[in-house]
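The block underneath contains the structure these notes are about, expressed in structure tokens.
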Amino acid sequence: MNTILIATDGSEHAREALVFGLDLAVEQHVEPEVAHVAPAIDVLTTGGGFGVNAAMPHELTDHDVAPLDEARELAAERGVEVKTKLLRGETVDELVAYADTIDADLIIVGSRGQGKVASALLGSVSQGVLHEARRPVLVVRGTQVPAPA
């Protein structure tokens, strides 16, 4: 194994996957890469009660890069150099395509563990990556990593 791609969105569950992935990279002496996907467009409700929406290009903010900043901090705490990549578009598609681009040996994602009904209604990045990826995927769930002080 040479490269691990760790997906993050800054959530608690993604942080658990990030910590697990960084620790695995240290243990296995592999290069970790961390990716976050920002939306390409923002959909705005225009009001009026008719369900009319407008789309505009998403402008990147500090909120979009914060998960990658956190990844660099956690990696530094472990003495690991990490590459980070900010992607734009649909989360599952971009993560799977990027994993292919870097020839990742493993994709690590977090899971909220919403259950079947909520996942069916809301969708699930972890399920989407499992379905679309043509390489191994590890889903991290419920490891109880303490929040930063």
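Quick one: of the DSSP bridges fully inside region 3-140, what percent are antiparallel, nearest 5? If we restrict to bridges inside region 3-140, about 20 percent are antiparallel. Amide H contacts under 5 Å for His58: Ile41, Asp42, restricted to partners 5 or more places along the chain or on a different chain, H placed in the peptide plane at 1.01 Å from N. Taking amide hydrogens as placed 1.01 Å from N in the peptide plane, the amide H of Val34 sits under 5 Å from those of Ile6, Lys83, Thr84, Lys85, each at least 5 positions away in sequence or on another chain. Of the GluC sites (Glu not before Pro) found in region 6-97, those that fall in a DSSP loop while having at most 12 other beta-carbon atoms within 10 Å are Glu59, Glu81. Projecting the Cα atoms of Pro57, Ala38, Phe20 onto the dipole axis of region 1-82, where Lys and Arg carry +1 and Asp and Glu carry -1 at the beta carbon, places Pro57 farthest toward the positive end. Sequentially through region 92-106, phi angles give Karplus couplings (6.51, -1.76, 1.60; θ = phi - 60°) of 4, 4, 5, 5, 5, 5, 5, 4, 5, 4, 8, 6, 4, 7, 7 Hz, Gly and Pro residues having no value and appearing as x.
Taken together, the values in this text are just the output of simple stated rules run on the coordinates, not laboratory data. Quick caveat: nothing in here was measured; it's all calculated off a predicted structure. Neighbour counts run over all protein chains shown; Cβ positions are idealised from the backbone, glycine included.
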